[in-house]
1. Assigning unit charges at the beta carbon (Lys, Arg +1; Asp, Glu -1) and nothing else, what dipole magnitude in debye, to the nearest 20, does the range 87-146 show about its Cα centre?
2. Does the range 56-150 come out rounded, prolate or oblate by the C-alpha gyration tensor, with a ≥ b ≥ c the root eigenvalues, rounded set by a/c under 1.5 and, if not, prolate when a/b is larger than b/c and oblate if not?
3. Give me the dipole magnitude in Debye, nearest 20, for the range 28-90 about the Cα centre, with unit charges on the beta carbon: positive for Lys and Arg, negative for Asp and Glu.
4. By average Cβ neighbour count within 10 Å, what is the ranking of 81-88, 192-199, 261-268 from highest down?
5. Kindly identify the range 161-269 as rounded, prolate or oblate by the Cα gyration tensor criterion: order the square roots of the eigenvalues as a ≥ b ≥ c, call it rounded if a/c is under 1.5, otherwise compare a/b with b/c, prolate if a/b is larger, else oblate.
6. Under the Karplus relation 6.51 cos²θ - 1.76 cosθ + 1.60, θ = phi - 60°, what is the ordered set of whole-Hz ³J(HN,Hα) values for the range 296-309, x standing for Gly and Pro?
7. How large is the dipole of the range 49-180 about the Cα centre if only Lys and Arg carry +1 and Asp and Glu carry -1, each at its Cβ, rounded to the nearest 20 debye?
8. When a/c reaches 1.5 or more, the comparison of a/b and b/c decides; with that in mind, is the range 9-73 rounded, prolate or oblate per its Cα gyration tensor?
Amino acid sequence: MSAILHKLGKLRDPEIRAKNLEAARLAAREAWWDIARPALPEPIFVVGCSRSGTTVTYETLALAPGLRSLGYEVPQLWHRIWGPWHNGWHSEAATAEDARPAHGRLARRFYYARLGAGRILDKTCINVLRVPYLARLFPDAHFVYVHRDGRDNVSSLMDGWRKDRHFALTQFLGPCPEEVAIEGGRFREWHFFLPPGWRDYNRASLAEACAHQWISANRLALEGARHVDPDRWHVLRYEALLEAPVEAFERLYARLGLEFTPAIRRRCAELARHPTSLVSGPPKRAKWKERNREAVESILDRIAPMQERLGYDA
């Protein structure tokens with residue numbers, strides 16, 4: 001009897017009631033999607049290495065009239081559908097061969113339940129490792145690929161790793177099956193995303209681990225682009241957002257078929273006044289020289305081939 005009374009008491013808790021009502025609402029909307037299959041045409045996925053400018057890109061695109069976005073990342077969605085729990089902890093990457101029709105149905109149900117019918121915008125950092133997979137699940141999808149000078153990107157990743165456990169992966173994936181002792185044991189888990197080959201860097205320096213993440217993310221994005229119609233693959237340089245944000249976003253909006261309103265133009269013109277960084281303050285070029293110069297210099301040879309491939313100097 002006491003257990004029953006305890007449960008009844010919990011049902012009177014406003015927070016628990018709100019959670020239960022929200023769960024019921026989502027379940028009802030998912031059930032409706034199963035019946036009616038409302039359209040979610042031409043979704044937009046913003047992809048790129050973490051700390052490359054994907055957040056500011058996502059937030060600026062989210063201003064477009066008619067787009068539907070959650071305002072947060074959803075790695076838990078993709079982990080449940082296909083990820084390290086299914087592939088023997090290979091990585092958070094996924095290939096076209098991993099894609100199943102059921103995966104696309106589950107993703108569409110998830111988005112519809114939370115956003116309704118219409119065109120969705122998503123930015124989840126692990127998706128830079130999953131372009132062919134997403135292209136198979138969403139054949140009409142557009143991809144906005146953001147890249148950044150590797151020196152600054154690696155430096156910013158390092159700063160993020162040091163930010164307590166804000167970007168730590170155990171909060172999403174649970175305990176890692178392998179011992180991690182990066183930077184002499186200072187870091188006992190991976191942060192941001194788990195790239196292919198991560199086990200080879202479990203005892204590396206932080207700069208080496210972050211360089212591997214940057215190289216892997218951009219390599220898989222470029223390889224993934226081969227699975228996407230060129231008209232649906234849109235490249236944005238982080239540096240363009242610093243130098244000419246209005247022009248960069250106006251072109252991107254046009255290619256995506258979005259309305260670039262006067263309010264959005266004003267927002268882009270003031271982009272530097274609205275920093276999105278959780279790590280190291282307002283954006284600027286060559287910040288690595290101020291924050292992690294010696295560490296970044298130690299990995300310049302490693303990142304040089306990808307730097308050249310992306311059009312940056314060595």
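Since every read-out is calculated from the coordinates, none of them should be taken as a lab result. In this text, all values refer to a predicted model and were calculated from it rather than measured experimentally. With ideal geometry, Cβ positions are generated from the backbone for all residues, glycine too; neighbour counts draw on all protein chains shown.
1. Values: 9 positive and 5 negative charges, 60 e Å.
The calculated dipole for the range 87-146 is roughly 280 debye.
2. Values: a/c = 1.81, a/b = 1.26, b/c = 1.44.
Judged from the Cα gyration tensor, the range 56-150 comes out oblate (a/c at least 1.5, b/c at or above a/b).
3. Details: 5 positive and 5 negative charges, 11 e Å.
The calculation lands at about 60 debye.
4. Numbers: 81-88: 16.8, 192-199: 20.0, 261-268: 14.2.
The most tightly packed comes first, giving 192-199, 81-88, 261-268.
5. Numbers: a/c = 2.80, a/b = 2.05, b/c = 1.36.
Because a/c hits 1.5 or more and a/b exceeds b/c, the range 161-269 counts as prolate.
6. Going residue by residue, I get 5, 4, 6, 10, 4, 5, 5, 8, 4, x, 6, 4, 5, 4 Hz, with x marking Gly and Pro.
7. On the way: 17 positive and 13 negative charges, 105 e Å.
For the range 49-180, the charge dipole is close to 500 debye.
8. oblate
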